[in-house]
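Engineer: I'd like to ask some things about the structure below.
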């Protein structure tokens, strides 16, 4: 990966993280930008976000982010000089949820006699 691509990814992650927090869309809940992966030609950027809330709230947040794409692209354009602004493609980062599930499984393996905690 070129230094230019790495720099664009880093700056885009910072800009998107800050810009998403300023959005006034009521559909957008608590979002954290976990990573940005830009293609070598800088034409497309996959934005990985961690979204908290119920599945319905997560879907609403993703819809809000989709509708904010033009604004978010323009914010990237203000922070990075590029010939073409990358198209943003949002992906939900399921890493934290997977880690929690793995932790539950490991706990069951190491402590089979304990009753699982019921959060519901």
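Engineer: Would you please list the contacts, defined by Cβ atoms under 9 Å and residues six or more apart or on different chains, that run from a residue in the stretch 45-61 that is at positive phi and without any contact (Cβ under 8 Å) to a residue 40 or more places away in the chain to a residue that is surrounded by 15 or more Cβ atoms within 10 Å (Cβ to Cβ) and assigned to a helix (DSSP H, G or I)?
Structural biologist: 53/60; 53/61
Engineer: Given the stretch 31-120, what helices (runs of 4 or more DSSP H) lie entirely inside it while holding 1 or more residues that are more than 23 Å from residue 13 (Cα to Cα)? Can you show your working first?
Structural biologist: Numbers: elements: 55-67, 69-79, 95-110.
Here the list reads 55-67, 95-110.
Engineer: Quick one: is residue 89 touching a strand residue (DSSP E or B) at 6+ places or on another chain (Cβ under 7 Å) and over 23 Å from residue 100 (Cα atoms)? Before the answer, list the steps.
Structural biologist: Working: touching a strand residue (DSSP E or B) at 6+ places or on another chain (Cβ under 7 Å): yes; over 23 Å from residue 100 (Cα atoms): yes.
In short, yes.
Engineer: Which number in (1) under 30 Å from residue 100 (Cβ atoms); (2) assigned to a loop (DSSP other than H, G, I, E, B) marks the one condition that residue 21 misses?
Structural biologist: Failing condition for residue 21: (2).
Engineer: Further question on the same structure: Condition first: closer than 20 Å to residue 23 by Cβ, out of contact with any helix residue (DSSP H, G or I) (no Cβ under 8 Å at 6 or more places or on another chain) and at pLDDT below 90. Now tell me which residues in the stretch 79-103 satisfy that.
Structural biologist: 93
Engineer: The conditions are (1) in contact with a helix residue (DSSP H, G or I) (Cβ under 9 Å, 6 or more places away or on another chain); (2) modelled with pLDDT under 90; (3) surrounded by 15 or more Cβ atoms within 10 Å (Cβ to Cβ), and residue 47 fails exactly one of them. Which is it?
Structural biologist: (2)
Engineer: Filter the stretch 17-39 for residues that are at pLDDT 90 or above and touching a helix residue (DSSP H, G or I) at 6+ places or on another chain (Cβ under 6 Å); which is farthest from residue 91 (Cα to Cα)?
Structural biologist: Here the residue is 25.
Engineer: Quick check on this structure: which one of 82, 65, 72 is surrounded by fewer than 16 Cβ atoms within 10 Å (Cβ to Cβ), in contact (Cβ under 8 Å) with a residue 40 or more places away in the chain and under 29 Å from residue 3 (Cβ atoms)?
Structural biologist: Numbers: 65 fails: surrounded by fewer than 16 Cβ atoms within 10 Å (Cβ to Cβ); 72 fails: surrounded by fewer than 16 Cβ atoms within 10 Å (Cβ to Cβ).
After applying the criteria, what remains is 82.
The values are calculated or read from the model by the stated rules, or taken from the named source; none is laboratory data. This is a predicted model, so every value here is computed, not measured. Note that we place each Cβ from the backbone using ideal geometry, even for glycine, and neighbour counts take in every protein chain shown.
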